[in-house]
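Have a look at the structure below before the remarks.
Any read-out appearing in this document is the output of simple, stated calculations on the displayed coordinates, not a laboratory observation. Just so you know, these numbers come straight off a predicted model, no measurement behind them. Note: ideal-geometry Cβ built from the backbone for every residue, glycine included; neighbour counts use all protein chains shown.
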Amino acid sequence: MPFPKKKKKAPPFYTDKARLAPYGVQAKDLIKTSLGLTASVVGIKRNSKEGEEEDTLGPLWVDYRCGYRAPIEKDSFETCFAPAQLWKTVHEFEKGIEADEEMREKIHELNTLFKLGLLDKNKKK
């Protein structure tokens, strides 16, 4: 039986201010595309080819609200106004709370099983 293939990690992105300055944005800024979609700036993808210089300016990558990550052209977006940036931080906070609640539910379920004697003390999780 062959081993399952591991998923490759996404390549790293440049997120420093100096590299993003030509675009006029910073990492995690909200932008609005020319189609009216809202996205969050990820950064500039690093060159994976060995022969290319590192200083070449690649496309800007963004995360859309649906979870899709894609490149975007330099002149096809504008930055969102300040209140939208505030909502982004609220949304990130809510995502963190949801993750904590899921973990709390799993722990509660395991504790319930342990109390009923259905979970072995020495069994590794």
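Quick notes on this one:
- Gain in span if fully extended, Glu105 to Arg46, counting 0.36 nm per residue against the direct Cα distance: 17.4 nm
- Under Karplus coefficients 6.51, -1.76 and 1.60, residue-wise ³J(HN,Hα) of segment 29-35 in Hz, glycine/proline x: 6, 8, 10, 10, 6, 5, 8
- Simple label model, 7 Å out from Cα along Cβ direction - Trp87 to Arg69, nm: 2.4 nm
- Extending 7 Å from the Cα toward the beta-carbon at both Glu78 and Lys95 defines two label points whose distance is 2.6 nm.
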